[in-house]
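Before any comments, here is the structure.
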Ligand code: ATP
Ligand code: MG
Ligand code: MG
Ligand code: MG
């Protein structure tokens with residue numbers, strides 16, 4: 001590929017709404033272009049990355065025996081009515097009508113359609129097991145699309161569905177997929193963890209998420225460094241014991257001094273088994289003696305995060321701060337200068353009481369914690385329908401430092417990005433849709449199913465979160481838009497440079513290397529800065545002076561300096 005024939009459109013500045021590195025850098029590198037909220041053009045440079053992700057996914061799915069299919073983006077509502085999801089699924093499901101006022105959905109996932117295929121095609125146990133997958137556009141009308149490709153409304157997902165004759169066979173299909181995911185994730189070149197996740201009503205342990213580790217991740221992962229225990233925080237919490245502490249309801253702040261405390265303190269304070277409401281909310285931790293006298297206190301504010309549009313959440317007023325009223329939670333955040341998602345122990349001089357409006361809707365699954373990494377709790381639910389005590393929260397109690405369920409060490413907590421999810425479904429869909437095959441005993445039997453997703457467009461964003469520096473993106477080789485960029489200095493002036501650059505380009509192409517030659521005639525500074533921003537992992541710079549000695553400069557994107565290498569040895573550095 002020659003850069004002059006390609007589309008390279010780098011930007012100096014990131015758009016104002018780009019909060020995290022991947023969104024900023026992918027936009028600046030000209031990989032994505034916003035069209036609407038959560039809707040993006042995949043520009044040629046970005047599409048190359050997506051196609052490489054798809055290729056790895058496709059290879060490993062095929063290797064695992066799955067069969068590719070494509071199911072429609074626009075799906076008739078009838079199938080979705082069979083399972084009840086047309087009505088049950090919330091606003092995330094985009095429902096549309098055609099010219100005859102017939103209902104359709106834009107697929108957010110495809111259990112219904114694939115089950116419909118299975119009930120027509122797989123008539124006998126002899127045809128099983130089968131696994132059908134697609135790499136296809138999805139639409140979810142996310143409440144809070146954000147972070148670029150990370151949480152889009154339109155995005156690409158690989159979704160696979162396994163069909164088996166019984167539970168045992170389904171477990172094998174699940175394990176086959178799990179192994180395929182491990183191979184894929186190893187190939188992506190990212191740091192990840194397979195963590196246990198909730199399998200809902202079905203129970204058991206057959207639901208795992210593949211989480212790419214990143215500080216900006218929306219999920220929390222609980223793991224034990226001494227063993228292979230790892231779970232998402234919801235799963236970890238559902239296993240942890242809850243100890244009701246009625247006294248916590250009275251532990252309103254009286255006096256407070258600035259200070260630090262940890263999640264454990266908050267957990268102790270708020271560890272009630274109750275759900276829901278809060279009319280007036282004070283988050284504070286008090287150290288008391290046995291007479292109940294308060295020896296010291298630390299003030300906490302409510303800490304928020306999750307699937308909420310914070311601007312929609314009204315907080316009536318904050319007592320204790322003279323004449324201060326907060327209209328929205330984001331204003332509170334702004335006022336205290338906290339990081340998004342966190343309002344920690346912020347060194348207030350006075351106790352602070354947050355009064356949440358009575359008419360605030362139920363708020364579920366907030367994250368509370370300190371403004372310090374890894375000190376937080378999730379699943380805090382506030383609503384308006386509960387009687388006194390005013391301060392209630394449903395905090396499940398898993399914190400860093402707790403003993404791991406396997407007893408092999410202390411738990412640690414880190415943040416992750418959910419890229420993949422493997423899930424045993426049982427007969428949930430086959431039962432609802434009467435999808436049966438003839439079993440060995442000659443009787444109709446419902447398919448045992450599993451479903452397996454990968455966020456194909458979320459993955460590049462996660463890769464960038466994990467791999468970037470102040471100059472730009474650093475792609476892992478496997479998913480880089482180009483593996484090598486050749487940057488000739490003065491190509492327009494020097495015949496020697498032009499000849500050498502074109503020869504190297506041709507040689508690398510002939511060897512099957514994904515290479516781009518920057519023949520745009522940009523100034524050297526701008527040219528090199530572009531490729532550092534775009535994040536091509538290997539770079540070869542050629543100039544007249546070096547070529548006179550038969551040398552070029554090779555630099556890996558992470559290297560701090562270039563290495564002089566003989567032209568004909570470039571190959572050994574790249575391959
Ligand atoms: P999340 O918890 O992030 O909302 P999910 O659990 O709803 O994701 P699944 O239904 O498990 O997602 O879908 C499979 C995969 O699709 C996810 O693991 C994720 O990688 C990807 N995905 C889900 N929602 C989005 C989105 N809005 N934008 C991009 N990728 C997504
Ligand atoms: Mg979701
Ligand atoms: Mg999820
Ligand atoms: Mg999921």
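Any residue at all in segment 84-101 that's within 16 Å of ligand 1 (Cβ to nearest atom) and over 27 Å from the mean Cα position of the chain (by Cα)? Walk me through it before giving the result.
Our first condition is that a residue be within 16 Å of ligand 1 (Cβ to nearest atom); within segment 84-101, this holds for 85, 88-94.
Retained after the next criterion (residues that are over 27 Å from the mean Cα position of the chain (by Cα)): none.
Scanning segment 84-101 turns up no residue that is within 16 Å of ligand 1 (Cβ to nearest atom) and over 27 Å from the mean Cα position of the chain (by Cα).
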Within segment 421-441, is even one residue on the phi > 0 side of the Ramachandran plot, more than 25 Å from the chain's Cα centre (by Cα), surrounded by fewer than 19 Cβ atoms within 10 Å (Cβ to Cβ) and without any contact (Cβ under 8 Å) to a residue 12 or more places away in the chain? no
Scanning segment 444-471 for residues that are more than 20 Å from residue 194 (Cα to Cα) and surrounded by fewer than 24 Cβ atoms within 10 Å (Cβ to Cβ), the one nearest to ligand 2 (Cβ to nearest atom) turns out to be 468
The condition of being in contact with a helix residue (DSSP H, G or I) (Cβ under 8 Å, 6 or more places away or on another chain), within 16 Å of ligand 3 (Cβ to nearest atom) and over 25 Å from residue 20 (Cβ atoms) holds, among 196, 183, 119, only for 196
Per the filter on segment 166-186, residues more than 16 Å from ligand 4 (Cβ to nearest atom) and either part of a strand (DSSP E or B) or surrounded by fewer than 22 Cβ atoms within 10 Å (Cβ to Cβ) (or both) are 166, 167, 168, 169, 171, 172, 175, 176, 179, 182, 183, 186
In the set 138, 158, the lone residue that is surrounded by 20 or more Cβ atoms within 10 Å (Cβ to Cβ), within 28 Å of residue 172 (Cα to Cα) and within 15 Å of ligand 3 (Cβ to nearest atom) is 138
So, first residue free of Cβ contacts under 8 Å to residues at least 24 places away in the same chain in segment 147-162, second residue part of a loop (DSSP other than H, G, I, E, B) and more than 8 Å from ligand 1 (Cβ to nearest atom), Cβ within less than 8 Å, six or more apart or across chains; the pairs are none
Considering segment 69-98, residues that are touching a residue at least 60 places away in the same chain (Cβ under 8 Å) and touching a strand residue (DSSP E or B) at 6+ places or on another chain (Cβ under 6 Å), and then whichever is surrounded by the most Cβ atoms within 10 Å (Cβ to Cβ), we arrive at 71
Residues of segment 405-444 being away from ligand 4 (no atom under 16 Å from the Cβ), closer than 30 Å to residue 121 by Cβ and in a strand (DSSP E or B), in sequence order, are 426, 436, 437, 438, 444
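Here, each number is a calculation from the coordinates, and none is a lab measurement. This is a predicted model, so every value here is computed, not measured. Cβ atoms come from the backbone with ideal geometry, glycine included; neighbour counts cover every protein chain shown.
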